[in-house]
Amino acid sequence: MNAVLADATRGAHPYDCIFIDGLEVFARHGVYPEENALGQKFVISLRLYTHTRAAGESDDLERSIDYGAVCAFVTKFASEHTFKLIERVAEEVAAAVLTEFPLVERIGVRVEKPWAPIGLPLKTVGVEIERP
């Protein structure tokens with residue numbers, strides 16, 4: 001996860017954080033018809049804010065957020081839906097994760113589009129959001 005997002009959120013709320021950094025998903029998001037037809041790689045990172053003390057003290061996964069299940073859910077969600085803007089991808093992923101995983105009390109989502117059709121050399125473009 002980007003250091004800017006991490007610094008901006010550190011200490012801002014009384015939650016612990018489970019993070020997923022750099023989940024690669026092949027999906028068909030984009031403004032251009034070619035992007036929707038051909039698809040491309042997206043990189044999604046998440047910060048799942050919750051309370052981890054009970055899980056940490058009990059060593060019980062049922063008292064935490066299964067990050068493997070979250071990764072599978074986000075991969076399936078992002079690849080089965082098509083949106084024009086990465087801003088919309090981030091909003092929809094955030095809403096879906098908050099609905100599907102009730103222990104997530106707040107979420108940070110970063111969506112990167114490293115193969116964006118810009119025609120100039122760059123590493124990636126993206127958007128970061130945080131939602132309660």
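Just to check, using Stokes-Einstein with a Kirkwood Rh over alpha carbon pairs, what's the diffusion coefficient of the chain at 20 °C and 1.002 mPa s in µm²/s?
Numbers: Rh = 15.4 Å.
Translational diffusion coefficient: 139 µm²/s.
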With a 1.4 angstrom probe the carbon and sulfur portion of accessible area for the chain, in percent, totals 54 percent
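Local charge sum around residue 56 (other residues, Cβ-Cβ under 14 Å, Lys/Arg +1, Asp/Glu -1)? Intermediate values should be presented prior to the final figure.
Values: positive: 53, 63; negative: 16, 57, 59, 60, 62.
Residues near residue 56 contribute -3 overall.
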Accessible area per residue of the chain at 1.4 Å probe, in Å²?
58 Å²
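Please give the net charge around residue 66, taking every other residue with its beta carbon less than 13 angstrom from that of residue 66, where Lys and Arg add +1 and Asp and Glu add -1. Mind dumping the intermediate values first?
Numbers: positive: 63; negative: 60, 62, 100.
Its environment carries a net charge of -2.
Note down the magnitude of the dipole of segment 48-130 about its Cα centre, charges +1 on Lys and Arg C-beta and -1 on Asp and Glu C-beta and zero elsewhere, to the nearest 20 debye.
Working: 9 positive and 14 negative charges, 92 e Å.
Dipole about the Cα centre, nearest 20: 440 debye.
Under a Cβ-Cβ cut-off of 9 Å, what is the net charge of the residues other than residue 98 that fall near it, where Lys and Arg count +1 and Asp and Glu count -1? Show your work: numbers first, answer last.
Details: positive: 106, 131; negative: 100, 105.
After counting each charged neighbour, the total is 0.
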Reach of residue 84 by Cα under 15 Å, taken over aspartates and glutamates that are not fewer than 8 positions away in the same chain
34, 35, 92, 112
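The values are calculated or read from the model by the stated rules, or taken from the named source; none is laboratory data. Predicted model only: the values in this text are computed from it and were never measured. Using ideal geometry, Cβ is built from the backbone for each residue, glycine included, and neighbour counts are taken over all protein chains shown. Quick note on the areas: whole protein, heavy atoms, side chains included, nothing else; ligands and nucleic acids left out. Shrake-Rupley method; radii C 1.70, N 1.55, O 1.52, S 1.80 Å.
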